[in-house]
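The structure under discussion appears below in the form of structure tokens.
The values are calculated or read from the model by the stated rules, or taken from the named source; none is laboratory data. For clarity, every value in this text was computed on a predicted model and none was experimentally measured. No Cβ is skipped: glycine too gets one built from the backbone with ideal geometry, and neighbour counts run over all protein chains shown.
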Amino acid sequence: MNRDEIQNIDLEYLGLEDYLELKEAMIKSYSSMPSAYWRENQIESLLNKFPEGQVVIKVNGQIAGCALSIIIDYATFPENHTYKDITANYTFDSHTNYGDTLYGIDVFIKPEYRGLRLGRRLYDYRKELCEKLNLKGIAFGGRIPNYHKFADKLTPKEYIEKVRTREIHDPVLNFQISNDFRPSKILHNYLEGDISSNEFAVLLRWDNIYYEAPSNKASIKKRVVRLGLIQWQMRPYKNLAELLQQAEYFVDAVSGYRSDFALFPEFFNAPLMADNNHLTESEAIRELAKHTEEIVKKFSELSISYNINIITGSMPLVRGNDLFNVGYVCKRDGTTDYFEKLHITPDESKVWGMQGGNQLKTFDTDCGKIGVLICYDTEFPELGRLLSDEGMDILFVPFLTDTQNGYSRVRHCSQARAIENECYVAIAGSVGNLPNVHNMDIQFAQSMVFTPCDFSFPTNGIKAEATPNTEMILIADVDIDLLRELHRYGSVRNLRDRRKDLFELRKK
């Protein structure tokens, strides 16, 4: 499927009403084994035993892939188990809610949807489910469908080693290894009829590092969101394609750490104005605005491919005859939305003829509700408070500052927003210089993640900070449930203690 055709991606629980579509998808996915599909009574049994373990991924409302799982008591099975052993002769009576291991029964992506990294979403769901249920880890028998091509000269062990060292490409095993599953054993006669693998399989394991042995102590499950901030180096680019290649490099880097968000700085695409230095500054930035649509389209594709929500920083946009500073939230479900810079700096107005927008809103994401304020906007406390009133947990601030004075204004105001609104604030800026672009000579930045100041947070209110004026990424985890505790039990409670009997704040 072409990425341009994707309107929506959803991860959903499998329902029995999906069976006919599921059957068709399995037949397409296992074309070398045309009879290898689950019967309706088997799916019904699986759903009755463990509905939370059965998920499908849908693109534009159609099933694109599926993952089926059970929970087992791993110690009760022999090390040289078969697929029939694990599934109790395909009845799934081996499932037990008191087991310690999530066992993968099946996972597939339809051929026309491969290459979109949808399989990674299914594996990520399994990992999150494993953590949620406090299981020791995940196990499954992985097929090696290319092994039949090498069976006359390589043992399964030798084949796996060559796949691991990238001397041989095995699409299934390569994918599983790249998703942090480690081969631990060769399984003989694992799946009857798997001729491509010569009926061999690799026992693959993933350990849950958060596993805690059961105890009688009360515990609270936390919701942790991983932020990826991109401290962007301003440098010359030959063309838009080269700039987007660099952007994808950073998206790849932060998604490799399983980040939930990638944050780019304000006007990160400014180097492209170098080709228009023969024009006035106001004409040059309008030429830059012609790239905005294509950049947003590319970022949306990257958010899908790398399974990450992208805050695009900001870009110029011409609407009618007016010039605005806007940015986009590209969600990993394939949807996009935009935000506007409301307060334009004197320089933006005087040199570029830019105007302020008039829309302020929060965005619902799969990691909670977020807000975005571009640079100068964070220096107006009313905006952060209005977003907080709408339930914002994380405020993103893409910025561009040329001097340390300007940076200090953004930094300290952003930190104030974290304290007064009891939220997390992530700021990301550009570094370096552009001597060949008018009105964009130098940049000063230190990207950071701020927290409220209370006992559950760093004493200085700084969760993470980048090295000043150095191109790099910054990764930080923020715990949303800590905010909930702060709202109710904090040493001070800025949100609850406001004197609404004396004053109020509202949007017109």
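Details
- Contact annotation: residue pairs with Cβ atoms under 7 Å, 6 or more positions apart or on different chains, pairing a residue in segment 103-121 that is in a loop (DSSP other than H, G, I, E, B) with a partner that is surrounded by fewer than 18 Cβ atoms within 10 Å (Cβ to Cβ) and charged (D, E, K, R), are K110/K28.
- Number of the condition not met by I177 [criteria: (1) in contact with a helix residue (DSSP H, G or I) (Cβ under 9 Å, 6 or more places away or on another chain); (2) within 26 Å of N97 (Cα to Cα)]: (2)
- In the set (1) in contact with a Lys or Arg (Cβ under 8 Å, 6 or more places away or on another chain); (2) part of a helix (DSSP H, G or I); (3) among the aliphatic types (A, V, I, L, M), L191 fails one condition alone, (2).
- Hey, S408 within 30 Å of P346 (Cα to Cα), in contact with a helix residue (DSSP H, G or I) (Cβ under 7 Å, 6 or more places away or on another chain), assigned by TED's automatic domain parsing to the domain that holds H278 and not in a loop (DSSP other than H, G, I, E, B) or not: no
- Residue match in segment 479-494 (condition: assigned to a strand (DSSP E or B) and in the same structural domain as F444 (by TED's automatic domain parsing)): yes
- Counting only strands (runs of 3 or more DSSP E) wholly contained in segment 422-465, the ones carrying 1 or more residues that are closer than 21 Å to D347 by Cα occupy 424-428, 430-433.
- Some residue of segment 451-467 being without any contact (Cβ under 8 Å) to a residue 12 or more places away in the chain, among the β-branched types (V, I, T) and surrounded by fewer than 20 Cβ atoms within 10 Å (Cβ to Cβ): yes
- All positions within segment 151-188 that are acidic (D, E) and either at pLDDT 90 or above or in a helix (DSSP H, G or I) (or both): D152, E158, E161, E167
Here's the yes/no breakdown for (1) in the same structural domain as V372 (by TED's automatic domain parsing); (2) at pLDDT below 95; (3) in a helix (DSSP H, G or I):
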{"site": "P214", "(1), (2), (3)": "no, yes, no"}
{"site": "L229", "(1), (2), (3)": "yes, no, no"}
{"site": "Y237", "(1), (2), (3)": "yes, yes, no"}
{"site": "V254", "(1), (2), (3)": "yes, no, yes"}
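- Candidate set: segment 100-120, residues that are at pLDDT 95 or above and over 21 Å from D194 (Cα atoms); chosen: the one farthest from the chain's Cα centre (by Cα): D100
- Yes/no for L342 being assigned by TED's automatic domain parsing to the domain that holds E281, under 30 Å from S259 (Cα atoms), surrounded by 20 or more Cβ atoms within 10 Å (Cβ to Cβ) and modelled with pLDDT of 95 or more: no
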